[in-house]
Structure formats: structure tokens, C-alpha cells
Amino acid sequence: MRDMFSENLLQIYASSFRKNWELPVLSEFGSGQTMTYADLARRIGAMHLLFKECGVKRGDKIALMGKNSIGWVVTYMATITYGAVIVPVLHDFNVQDAQHIINHSESVLLFINEAIFDNMEFEKIPNVKAVMSLDRRAILAEHPASNHTVRKFLDRLPEKVRRAYPHGFTTADVDYPYIDEDTIAEINYTSGTTGFSKGVMLTLRNLGGNVRFGMQSRLHYRGSRALSFLPLAHAYGCAFDMLVPLAVGTHVTLLGKLPTPKLLLKAFAEVKPNLIICVPLILEKIYRNKLRPVLEKPSVRRLLRLPGVNQVIYRKIRNQLIEAFGGEFEEVIVGGAPLNHEVEEFLHRIKFPFTVGYGMTECGPLISYTPWRKFIVGSSGRTLPHIMHSKIAGSPDPVNTPGEICVRGENVMKGYFKNPDATEAVLDSEGWLHTGDMGTRSDDGTIFIRGRYKTMILSANGQNIYPEEIEAKLNNMPYVSESLIVERGKHLVALVYPDYEAMDRDHISNERLPELMEQVRTDLNTLVAPYERVDRIQLIANEFEKTPKRSIKRYLYNA
């Protein structure tokens with residue numbers, strides 16, 4: 001018998017579905033709807049019949065656009081276990097970008113939420129044979145040349161399933177093909193901060209590297225609970241809120257609505273997840289809105305100076321935080337963007353069980369991770385042993401002097417779809433992926449990120465300035481909601497969107513903003529190196545434009 005950790009990805013799922021047949025696998029939060037692994041396997045089997053009827057061949061592309069739902073998971077899993085290529089499209093991409101992705105990817109079918117499809121024009125996605133609803137069993141549009149064969153087949157699907165499986169769908173019917181691991185399984189279009197998205201080609205080996213690591217690390221395990229609130233169309237949420245859980249027998253609760261703080265707290269309390277995958281924004285908001293106002297009270301500040309007493313306060317805060325997240329998790333894994341230093345140091349000080357990982361879509365996504373007990377503050381975890389290798393390019397001293405982080409290994413993509421120039425720009429002849437991130441690396445492979453290569457500014461005296469490091473300090477300042485550091489001539493300028501919520505709370509009028517921001521600039525300049533000092537703060541009227549992943553579109557503000 002083969003070692004389960006070296007099994008082909010599709011065989012991992014076949015084994016998991018058979019082994020966990022009676023266990024719950026998917027629930028939609030608030031709907032009371034739950035399905036078992038047996039139900040999931042049956043739905044996948046039925047969808048394979050539909051694909052066959054539609055003439056879908058191995059390697060054909062199937063686009064998937066919608067909020068996290070049972071239908072979304074079934075479509076994704078049915079596509080890859082059939083041998084077709086899934087093309088997840090973020091549900092908050094605008095219509096033009098979504099249509100471009102569907103066309104560029106050469107998708108032949110589209111599964112979509114009806115509310116999103118209402119704004120699309122079917123004639124502008126001419127290669128798509130049929131559009132199917134993720135909300136119910138229905139065809140939303142079909143190519144006239146097909147003579148409505150898909151619609152007719154879908155109407156008779158239950159009967160077709162009975163005919164295909166006359167003795168009922170059993171564990172013996174869970175049979176997925178052996179497909180070469182270097183076959184493309186997914187094309188994931190990045191929501192880039194520097195321009196239009198590129199289609200990242202991820203193979204079964206790339207997805208399998210992430211899944212096998214999650215299994216070996218016991219991030220999820222049989223009978224554990226997960227709450228999926230990050231978009232599954234992102235590589236991060238997809239791998240660790242869906243692909244790893246389904247490989248081991250975890251019960252995943254899907255949050256299909258916008259994860260507001262109030263809704264998240266309710267969901268954490270009900271689901272009590274055993275692992276929490278989140279982006280920094282969630283922890284930063286809790287710290288900024290709930291914890292910092294308490295910590296800044298004069299009475300609390302006095303108590304925190306007293307040895308022993310401060311530990312009692314920290315323990316109380318930690319316990320309240322743990323309870324807010326459901327109280328039964330092993331750790332919180334933060335990824336998708338850098339975690340604010342002040343927040344990170346505070347969480348470490350109170351011994352909150354969190355860790356920071358590092359990845360990118362091009363690695364499906366994981367590059368480095370360390371369990372929270374061994375996590376080094378300020379790092380992005382250790383390069384995955386046996387799966388990934390890392391090096392710092394262009395640095396005479398990789399431990400102390402930043403260079404470009406390059407990675408190679410099982411998780412690294414095949415390239416960008418139909419874009420050989422972009423592929424060649426990041427993947428060199430030796431298989432190293434040039435991440436575009438600048439950082440250092442300790443001898444054991446632990447990565448410390450400083451900033452993006454493309455955003456780095458060269459000062460007049462030749463010093464490298466990483467805007468992200470200055471922004472992290474600036475975003476901790478009073479009445480700053482978010483910021484960008486840009487170069488204007490030879491001067492550093494901070495673009496700031498004010499924290500109007502905090503101003504209202506403290507009864508501060510807009511007229512005082514220039515005076516407050518000048519104080520912020522003065523305070524900031526005491527915290528940074530002389531060559532990083534900001535010359536002026538420029539207020540902006542609206543929030544920064546962001547990608548669907550909530551990263552600021554820097555290229556719009558660098559002009």
C-alpha cells in the first residue's frame with residue numbers, strides 16, 4: 001500500500017470520501033443545510049455525468065464564479081476529479097474583467113450565482129456552451145447550436161443518475177482517474193496590485209504539495225471543524241479551508257455572506273473551529289477598535305507597568321480573544337498580507353496562539369509556515385521542509401542584507417496561461433520563482449520579508465526604502481485608517497485616508513485634520529531612519545482603490 005502522504009491528489013480524495021462516508025462535510029452557515037461525504041461524492045458523480053453529456057473532455061476549462069457555497073465546492077471538486085481544469089473567478093471582479101478571464105481561459109462551461117450573471121452578456125462569452133446556476137439546478141443560458149441538450153439532460157438528471165448507478169451510489173463508485181501530477185488542474189487569475197491579472201497554471205502536484213503538507217502537519221484532521229470565510233476563489237482559502245479539510249474528514253462550515261465582525265463572532269461561537277485561517281485585517285481591526293482603546297486608558301497603562309499585574313491583564317485579554325474566536329482552536333494562521341508589527345508584537349506578548357505564513361497564488365499558495373509555539377515574531381515562517389527551497393538573490397549577506405526572495409519546489413506553478421513573456425520574467429531556467437518580495441533568510445530557512453521589489457524606493461544617498469515598513473508604523477498612528485508612501489520628485493509623501501470613525505468617537509472635527517496629521521508626521525519621523533522621513537502628508541478623500549483581495553492598487557497612486 002502506498003504512503004497516503006505520497007498518494008496522487010485525486011486518489012487522496014477518493015480515499016477520504018470512502019473513509020469518511022457518513023461524516024458531515026459541508027454546511028452553509030445560517031441555512032441549516034449540511035451534507036455528508038457520501039452526499040458530496042454522489043453530487044460529484046452526478047456532475048461527472050453532466051460533464052460527459054456536455055462533451056467536456058479532460059483538460060477542458062470550466063469557470064466558476066460565486067460566493068462560498070456547497071454548490072461552489074461541489075463544482076470545484078467535480079471538475080478536478082473529472083480531469084478538467086477549474087477556473088475560479090472572484091465574485092467581486094467587475095463584469096468586464098470576469099468576462100475577459102472566462103474568454104482568456106477558453107472556458108467551455110460557466111457555473112455562477114444568478115445575481116452576478118444578471119449583469120453579464122452571454123453573447124460576450126462565445127466559447128461557453130452553457131451557463132449553470134450555483135443557486136439551484138438550472139441552466140441560465142445555452143448556446144443556440146446545442147439545441148438545448150444540456151437543459152434537457154439536466155431536467156432528467158435524477159433519472160440518469162439512477163440508470164448509471166442502479167444499485168445506488170456506493171463507496172465502490174468513488175473512482176477517480178490516475179492523472180499525471182504535472183497536469184494542470186486549475187488556472188487561478190491573480191488580483192494583482194500592479195495591473196491586470198495573469199492566469200496562474202497550478203498542477204495536481206502544486207495543489208497536492210499544499211494538501212500533503214496540511215495532512216502531515218495535522219492542520220486539519222478527521223472530525224475537526226473549520227469555518228470558511230475567506231473567498232475560496234483565492235489560493236489561500238481554497239487550500240486550507242477546502243482542499244486540506246476534504247482530504248482528511250473535516251466538517252467545513254461555509255460563510256457565504258460578507259464576514260462582518262458581528263457575523264464572524266456569531267459564526268465562531270456556533271462552529272467553534274479547530275483551526276482559523278485569516279487575513280491580517282481581521283486581527284488588526286480587533287486590536288484597533290477593541291483592544292487599543294482599553295490599553296490606552298491611563299488607569300490600564302499604570303497597571304501594565306506593574307510586574308505581575310500586567311500578566312494578569314494580558315491573560316484576561318488573551319482568554320477573551322480566544323473565547324471570541326470560538327475557544328477551541330489550536331492556532332490562528334495569518335496570511336495573504338503582512339501583519340502590522342504593533343499588532344503582532346502585542347499578540348505575542350499576551351501569548352495568543354497565532355502564526356504568520358507566507359505564500360502566493362503562484363505556489364498554490366504556501367511557501368513558508370511555522371506552528372505558533374515555534375514562530376519567530378517578525379518572520380513569515382520557515383520554508384516548507386522537503387517541499388520548498390528558498391534563497392535570497394542579489395544579496396552579499398542573505399541573513400542580514402535584503403535581496404529578492406526566490407523559491408523552488410513542489411508548489412511552484414507551471415507558468416502563466418498563454419503568457420510566456422510573463423512566465424519567463426519570474427521563472428528562471430533552473431526553476432527558481434522570483435517572488436518580487438525583498439527579504440532576508442536565516443540558515444534554517446526562516447523568511448523575513450521587508451517589502452516588494454517593485455515598490456522599493458532608492459533614496460538620494462543610495463539607501464533602499466521599503467514603503468511597506470513606513471506604512472506599517474504610520475497605520476498605527478492616531479486617526480490614520482490606511483496609507484501609502486509614494487515618491488514625489490525627490491521627496492517622500494504619505495497619502496493618508498483618515499480614520500473618520502475614530503474622529504467621530506473622539507468628537508474631533510475635520511477642520512483639525514491638518515494640525516493632527518502634522519503631529520502624526522512629526523511622531524512618525526522619530527520612529528524611522530533619517531532617509532525614511534516623510535516630507536508631507538497628503539489627505540485623500542476616499543478609501544484607496546483595492547483589488548478583490550483587499551490589497552491597495554498601488555500603481556494607481558504612483559503617478
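Close amide-amide hydrogen proximity is noted between Arg452 and Met438, Glu468, each under 5 Å apart and 5 or more residues distant or on a separate chain (H modeled in the peptide plane; Pro and chain starts excluded). Across the chain, the relative contact order, built from alpha-carbon pairs under 8 Å that are at least six residues apart, equals 11 percent. Seen against the Cα atoms of the chain and their longest principal axis, helix 95-104 is set at about 60 degrees. Dipole orientation for the stretch 174-266: of the candidates Ile184, Val248, Leu219, Leu219 has the Cα lying most toward the positive pole (charges on Cβ; Lys, Arg +1; Asp, Glu -1). For Ile540, the residues 5 or more places off, or on other chains, whose built amide H falls under 5 Å of its own are Val496, Tyr497.
Ratio of Rg to Rh for the stretch 66-107: 0.99 [Cα atoms; Kirkwood radius as inverse mean 1/r over pairs]. Angle between the Cα long axis of helix 37-53 and the longest principal axis of the chain, 0 to 90 degrees, nearest 10? Rounded to the nearest ten degrees, it is 70.
Note on the stretch 208-362: Rg/Rh from Cα positions, Kirkwood definition for Rh, rounded to two decimals, is 1.00. Helix 309-324 and the long axis of the chain differ in direction by around 20°, with both axes built from C-alpha atoms. Using only the Cα atoms of the stretch 1-76, build the gyration tensor, take square roots of its eigenvalues as a ≥ b ≥ c, and label the shape rounded, prolate or oblate: rounded if a/c is under 1.5, else prolate if a/b is larger than b/c, else oblate. Because a/c hits 1.5 or more and a/b fails to exceed b/c, the stretch 1-76 counts as oblate.
Rounded is the label for the stretch 63-150, because the ratio a/c of its alpha-carbon gyration tensor axes (a ≥ b ≥ c) stays below 1.5. Listed peptides 439-446, 352-359 appear in the order 352-359, 439-446 once ranked by packing, highest mean of other Cβ atoms within 10 Å at the front. The Stokes-Einstein estimate for the stretch 271-395, based on a Kirkwood radius over Cα pairs and taken at 37 °C with 0.692 mPa s viscosity, is a diffusion coefficient of 206 µm²/s. Placing unit charges on the Cβ atoms of the charged side chains and taking the dipole of the chain about its Cα centre, the candidate lying farthest along the positive direction among Phe375, Gln538, Pro88 is Phe375.
Using Cα pairs closer than 8 Å and at least 6 residues apart in sequence, work out the relative contact order for the stretch 483-559, in percent.
Contact order relative to length: 37 percent.
Centroid-to-centroid, using Cα positions, the stretch 15-55 and the stretch 333-370 are 32 Å apart.
Taking amide H positions as modeled 1.01 Å from N, with prolines and chain starts lacking one, the residues under 5 Å from Met132 and 5 or more places away or on another chain are Leu110, Phe111, Ile112, Leu140.
Which of the three applies to the stretch 357-463, rounded, prolate or oblate, going by the alpha-carbon gyration tensor with a ≥ b ≥ c and a/c under 1.5 meaning rounded?
oblate
Comparing Cα centroids, the stretch 472-537 and the stretch 62-87 end up 44 angstrom apart.
Label sites at Ala541 and Ser31, each approximated as a point 7 angstrom past Cα along Cα to Cβ, lie 4.1 nm apart. A convex hull fitted to the Cα coordinates of the stretch 473-559 yields 107 cubic angstrom per residue.
Here the chain carries DSSP beta bridges of which approximately 60% are antiparallel, counting only pairs with both residues inside.
Shown in residue order for the stretch 448-456 are the 3J(HN,Hα) couplings computed by the Karplus curve 6.51 cos²θ - 1.76 cosθ + 1.60 at θ = phi - 60°: 10, 8, 9, x, 8, 4, 6, 9, 4 Hz (x for Gly and Pro). The magnitude of the dipole of the chain, with charges of +1 and -1 set on the Cβ of Lys/Arg and Asp/Glu and taken from the Cα centre, is near 1280 debye. If you take all other residues with their beta carbon under 13 Å from the beta carbon of Ile508, and give Lys and Arg +1 and Asp and Glu -1, the sum is -4. Take every Cα pair under 8 Å whose residues are at least 6 apart in sequence, average their separation, divide by the length of the stretch 195-336, and the relative contact order is 26 percent.
Any read-out appearing in this document is the output of simple, stated calculations on the displayed coordinates, not a laboratory observation. Being a predicted model, the structure only gives us computed values, none of them experimental. Cβ atoms come from the backbone with ideal geometry, glycine included; neighbour counts cover every protein chain shown.
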